[in-house]
1. If each of residue A:259 and residue A:41 carries a label point 7 Å out from its Cα toward its Cβ, how far apart are those two points in nm?
2. Calculate the FRET efficiency for residue A:154 and residue A:177 from the Cβ-Cβ distance with a Förster distance of 22 Å, rounded to the nearest 0.05.
3. Relative to the longest principal axis of the C-alpha atoms of chain A, give the angle of the C-alpha long axis of helix A:12-23, reported between 0 and 90° and rounded to the nearest 10°.
4. Which residue fluctuates most in the GNM of chain B (Cα springs below 10 Å): B:275, B:35, B:223?
5. Let me confirm one metric for peptide A:201-211, namely the mean number of other chain beta-carbon atoms within 10 Å of its residues' beta-carbons.
6. Highest GNM mean-square fluctuation, chain B, Cα pairs closer than 10 Å: which of B:218, B:79, B:52?
7. I need the inter-copy label distances for residue B:263: point set 7 Å along Cα to C-beta, values in nm with one decimal, smallest first.
8. Taking the DSSP beta bridges in chain A as the whole, what percent of them are antiparallel, to the nearest 5?
């Protein structure tokens, strides 16, 4: 499917995609690039990538597919570094969690949006990070949201779709703006809430005693608060508008519930809980 | 260990404790009582209880151990119904999630707090309910918080402790007030937050589309929003003060984070996330 793949950022997501590309025999070679020589050497040892470049330009040159899997904060500098060497035929995709921000970074770095650029976001991951946590089945039966720009070429979109489908994922297209709103609600907001809960308990008097009585529900609820802080900081910065919008909605609903508890309004509390349970039971398997 | 055990409320928790008592051969017989004849018949069929009574008085009479495993809202009427037939030798314990409220219900029903009453709360459960979801290992390696009253007899406390330890649990004693604060933070608040999150998304435009892109993190985070709404309504009503106190703390921390996101204050966001991640990684396995 591809000849030379350039993978910029060889962490959990990038590494898992590289493993999947190799498993399904979708490319001749994968050349990585990353900030840490040690991590890159480990990635070669693990067979995740074949080799690595010493700078982005060299890594991307001659690649027919470029995958950008770096933290949100690094997109603009990564795109800028490759601006000179990509051609109209280079397919570029990424795995960033906030898509408007990726497109803005591309505009700023490339001037015009490249026709080969097809931004994407796999709805997959774990709370772990780093290439050692990567595995080749991460995307199987997962959804990949692609957010083509107005400049994306149909051929490039098709190639990116085929790549994801070949590693077992389903693809869906929507606008970057809609993606950012949906993900703010289903992913970014829950992370913000979980970090805030652990922060609240951690700041309480006798917090270590309090944590001792945390049961399974608490463990599940706060698992995402063990995610990479830098990554989530970057997501908050890069999807600020959509996150704040849904966070304000959340605060209003929480306040409504608080008022009902304060008023001992059994019926109002019950209505909220029944509706929430039935929505979750209906929509989340 | 016991001769005749009266189990008032044969659901997930009561049923699991009955199964564990039988498995570890800790009593001669278990007589159940509940609101639904059908559920009680099922419990007998499943071997969870040996028989069931037609009223609380008859069920409790001659029992040397009474276990109350009913919703929080039913405690006062259950205690009142048994007030005439319990003796000084009857050990009474319960599994209610809010302990001050159980003790208040007992005071109101019994007049004086019985010396045999040792309130307790197993930190165990699942989001399921009903006797069919019960299983005999639910309490293994789990913590049971006992909140003896100022009237609880040392002998009764010891018997309840020994019972829980015999089914594989660890016991710890604290005041009812402290229990309620700790559980408000580690259990009740997370439930309130999870119900509110699902409520927020459920009320959004195109909510069924939004739920479609929920990933594993969302599933874990909202699992507790599939819990029994009535049970959690009752907990909110019965542990109102402690829940509102920790909820207000939470809202302040959430607001701090919101302001940091609004201000694009990378350092402030990072500090919160790093602190939360390290607290969770340290305290929650």
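1. 6.2 nm
2. Efficiency at R0 = 22 Å is approximately 0.55.
3. Orientation of helix A:12-23: about 50 degrees from the principal axis.
4. B:275
5. 6
6. Of the options given, B:218 has the highest mean-square fluctuation.
7. 3.5
8. Taking every DSSP beta bridge with both residues in chain A, the antiparallel ones total about 10 percent.
Read-outs: derived from the displayed coordinates by stated rules, not from any lab. For clarity, every value in this text was computed on a predicted model and none was experimentally measured. When we count neighbours, we look across all protein chains shown, and the Cβ atoms used for this are built from the backbone with ideal geometry, even at glycine.
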